[in-house]
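The values are calculated or read from the model by the stated rules, or taken from the named source; none is laboratory data. Being a predicted model, the structure only gives us computed values, none of them experimental. Virtual Cβ from ideal backbone geometry, glycine too; neighbours counted across all protein chains shown. These accessible areas exclude ligands, DNA and RNA; they are computed on the full protein's heavy atoms, side chains included. Shrake-Rupley method; radii C 1.70, N 1.55, O 1.52, S 1.80 Å.
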Amino acid sequence: MSDVIVLAGADERDLTQLGEYRALGGYAQLERVRGMAPADVIGELNAANLRGRGGAFFATGRKMQFIPGAEQNPNPHYVCVNADESEPGTFKDREIMNRVPHRLIEGSLIAAHAIDSQHVFIYIRGEYLDAFETLRAALDEARKAELFDGVTIVLHRGAGAYICGEESGLLESLEGHRGQARSRPPYPAISGLYASPTLINNVETIATIPKVLELGGAEYAKIGAPPDSTGTRLFCVSGNVVRGGNYELPMGITIREVIYDLAGGIPDGRALKAVIPGGSSMPILTAGQIDVPLEHDALRALDTFLGAAAVIVVDDRACMVQLGLRVAQFYMHESCGKCTPCREGTRWMVQLLEAIEAGEATHSQLDLLLDVCDRILGKCLCPLGDAAAMPVASYVVKFRDEFRAHIDQGGCPFGGESSLDGLFAPVDQHTHHPVVEEGVPA
Amino acid sequence: MPRPLADQVRAIAAQYPESRSAVMPALRIAQERHGGWLPPEAFEEVGEALELTPAYCKGVATFYDMFHLAPVGRRLVEVCTNICCGLRGAQEVLSAFERALGVQPGETTPDGEFTLRAVECIGGCGWPTVVAIDDRHRLNVTAGDVPQIVQELRHE
Ligand SMILES: Cc1cc2nc3c(=O)[nH]c(=O)nc-3n(C[C@H](O)[C@H](O)[C@H](O)COP(=O)(O)O)c2cc1C
Ligand code: SF4
Ligand code: FES
């Protein structure tokens with residue numbers, strides 16, 4: 001059995017075309033599933049132990065089981081496909097939409113059947129113009145071929161806000177509000193879009209569903225690193241590697257294999273320094289930890305997570321204080337501002353990191369940085385605060401000597417030679433325009 | 001005669017159970033019609049089409065990076081400076097654009113041709129540096145490519 005699931009066939013055929021996808025057996029599972037009871041469809045997903053690919057690794061079938069039946073809640077039920085993909089380091093959903101859009105559509109329609117829904121929304125980040133156009137064309141083709149069977153699929157474009165990838169921010173945005181996170185409970189399964197039962201899943205999760213049904217849940221569950229990390233992931237490999245890109249592989253492959261066997265190793269004769277295993281919000285690993293298999297349990301044992309399977313490779317040219325600063329600047333920029341620990345804490349983190357980088361901090365301010373992270377962790381309305389605090393705290397803990405050296409030497413030990421030196425952040429950007437008279441462009 | 005904005009917006013709004021959901025698509029259309037940014041009257045137009053106040057529409061627009069509340073140049077050049085691109089020379093690419101265009105990030109050239117912006121990760125991290133030009137992504141851009149790109153864009 002081939003280990004390629006989500007992208008299966010895309011190297012050989014142009015699967016953006018409906019005819020090509022159908023020639024590979026596309027939409028056959030949808031047809032079959034429509035003759036099945038929803039509970040049996042969910043049963044297959046549970047047997048597969050399919051977990052969410054958006055970051056939280058929640059069991060997909062169980063999430064569907066939380067959706068109340070029509071007799072308990074007569075409101076319409078909604079499926080929201082999360083195509084907001086904005087975590088730095090991730091670019092897999094883009095590849096899925098660009099190359100196998102029909103697999104995503106088929107999965108969406110199967111998910112709709114499983115929760116007895118007639119309405120699917122796909123929330124795609126505004127920056128993905130090419131993927132939007134490809135997906136829109138595929139939707140038109142599938143609609144004309146009468147594959148929807150009464151279900152509507154609305155493709156909704158975002159407009160640039162990381163928080164809209166967080167499920168409650170996504171719902172707020174889709175309802176036409178600022179994309180600020182909601183406090184929970186209630187959870188979306190009970191009261192989500194328009195206060196109705198809502199299933200939210202990541203693009204990759206949804207695009208995996210047709211193959212799970214084709215193989216059967218039990219067969220799927222043998223792939224990867226069972227019992228928890230079953231199946232494949234699209235590993236997004238970036239940073240200091242020869243061949244960055246997406247690699248679909250069974251979970252359980254080691255970071256070393258990803259870097260050296262697939263991505264061609266570290267360029268320019270440099271040495272590996274660190275690896276972020278799951279996207280910018282995940283705690284970092286050192287070069288000595290890369291024999292860890294990329295699967296949930298093994299990474300948990302090292303106090304980090306697989307997240308969205310974005311493997312960011314960092315070589316010895318990078319200053320860890322600068323890395324922490326740039327990560328903190330991102331989260332400060334993207335904080336929705338609704339809760340204090342995140343809004344104020346991310347700003348404070350940036351200020352402390354700037355002082356450390358400039359060589360103007362004291363050792364007690366380094367302790368203060370960890371204290372600020374601690375005061376954010378677990379104390380926010382949504383996990384964005386944690387997403388800022390967790391990685392930065394891990395850089396300090398794992399590279400404390402480097403942080404201390406900035407303080408002891410009164411400046412950056414890289415002396416301007418770090419690969420991240422002087423990296424400009426959008427949070428420092430102000431819009432200027434030469435002549436604006438009464439709102440009229442020059 | 002182009003189709004009135006209100007008609008276009010109402011057709012989109014009909015796809016949603018509640019018309020308010022169309023505020024983002026409506027703002028996007030209004031922005032395109034106004035040459036890439038949202039002047040005050042755009043909020044009135046969108047508000048009228050969706051029965052929302054202009055202030056509400058503006059409040060939504062300010063939340064999102066892709067809505068522009070000041071005029072932008074004919075070409076919008078956005079350089080990703082997040083970490084994956086940063087590790088691979090994004091700052092050099094941004095600096096090369098600053099030199100070639102003679103502006104700082106966030107600024108528009110005096111002739112109104114170019115707006116240069118630094119942006120957060122735009123989802124092409126495996127192919128650094130990623131530069132979006134009018135929302136089309138160029139991958140694997142190096143500082144050395146920049147003069148050529150600017151030349152091309154001037155004449156397109
Ligand atoms: C700050 C933040 C950003 C997120 N961004 C995304 C995203 O871009 N795409 C995504 O699928 N999930 C994202 N998530 C996770 C979603 O909240 C949600 O858990 C996920 O879409 C559920 O789908 P899954 O179960 O299929 O993984 C984000 C979470 C947080 C806290
Ligand atoms: S943690 Fe940050 S992003 Fe989440 S609700 Fe609080 S302020 Fe908003
Ligand atoms: S970090 Fe530049 S595109 Fe993701």
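Below are the figures for this structure:
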quantity: Carbon/sulfur fraction of accessible area - the protein assembly as shown, other protein chains in place, 1.4 Å, %; calculated: 49
quantity: Phi-based couplings in Hz for segment A:112-119 (Karplus 6.51, -1.76, 1.60; Gly and Pro marked x); calculated: 4, 4, 5, 10, 6, 10, 10, 9
quantity: Fraction of beta bridges assigned by DSSP in chain A that are antiparallel (%, nearest 5); calculated: 45
quantity: Dipole magnitude (debye, nearest 20) for segment B:5-63, charges at Cβ of Lys, Arg, Asp, Glu; calculated: 200
quantity: Estimated vicinal HN-Hα couplings, Hz - segment A:137-145 in sequence order (Karplus 6.51, -1.76, 1.60; Gly, Pro = x); calculated: 5, 5, 5, 4, 5, 5, 5, 5, 7
quantity: Over chain A: helical MRE at 222 nm, DSSP H runs n ≥ 4 each giving -39500 (n - 2.57), nearest 500; calculated: -11500 deg cm²/dmol
quantity: Rounded to 5, percent antiparallel among DSSP beta bridges of segment B:75-155; calculated: 55
quantity: Debye, to nearest 20: dipole size of the protein assembly as shown, +1 on Lys, Arg Cβ, -1 on Asp, Glu Cβ; calculated: 740
quantity: Mean Cα-pair separation over length for chain A, i.e. relative contact order, pairs under 8 Å, 6 or more apart, %; calculated: 15
quantity: Charge tally in the Cβ shell below 15 Å around A:Y21, where Lys, Arg are +1 and Asp, Glu are -1, A:Y21 excluded; calculated: -2
quantity: Candidates per GluC sites (Glu not before Pro) in segment A:70-122, loop by DSSP, up to 12 other Cβ within 10 Å; calculated: A:E71
quantity: Centroid-to-centroid separation of segment B:128-148 and segment A:250-274 [C-alpha atoms, Å]; calculated: 25
quantity: For A:F148, residues with placed amide H under 5 Å, excluding near neighbours; calculated: none
quantity: Net charge contributed by nearby residues that have their C-beta within less than 15 Å of A:I153 (K/R +1, D/E -1); calculated: 0
quantity: Environment charge at A:I376 (Cβ cut-off 15 Å; Lys +1, Arg +1, Asp -1, Glu -1); calculated: 0
quantity: Greater than 32 Å apart at Cα, pairs in A:K92/A:K338; A:K92/A:K398; A:K63/B:K58; A:K63/A:K338; A:K222/A:K379; A:K92/A:K273; calculated: A:K63/B:K58; A:K222/A:K379
quantity: Surface accessible to a 1.4 Å probe, per residue, for the residues of chain B, Å²; calculated: 41
quantity: Accessible area of chain A divided out per residue, in Å², using a probe of 1.4 angstrom; calculated: 36
quantity: Tensor-based shape of chain B (alpha-carbon gyration tensor, a/c under 1.5 rounded, otherwise prolate or oblate); calculated: prolate
quantity: Backbone HN-Hα couplings from phi across segment A:383-393 [Karplus 6.51/-1.76/1.60, Hz, Gly and Pro as x]; calculated: x, 5, x, 4, 4, 8, 6, 4, x, 5, 4
quantity: Positive-end extreme of charge dipole, segment B:39-156 - chosen from B:C80, B:G106, B:A90 (charges on Cβ); calculated: B:A90
quantity: Selected from A:C380, A:Q351, A:Y331, residue furthest toward positive end of dipole (segment A:299-385; charges at beta carbon); calculated: A:C380
quantity: Size of charge dipole - chain B - debye, nearest 20, with Cβ of Lys, Arg +1 and Asp, Glu -1, no other charges; calculated: 240
quantity: In the A-B interface, the accessible area buried, summed over both sides, Å² (probe 1.4 Å); calculated: 5000
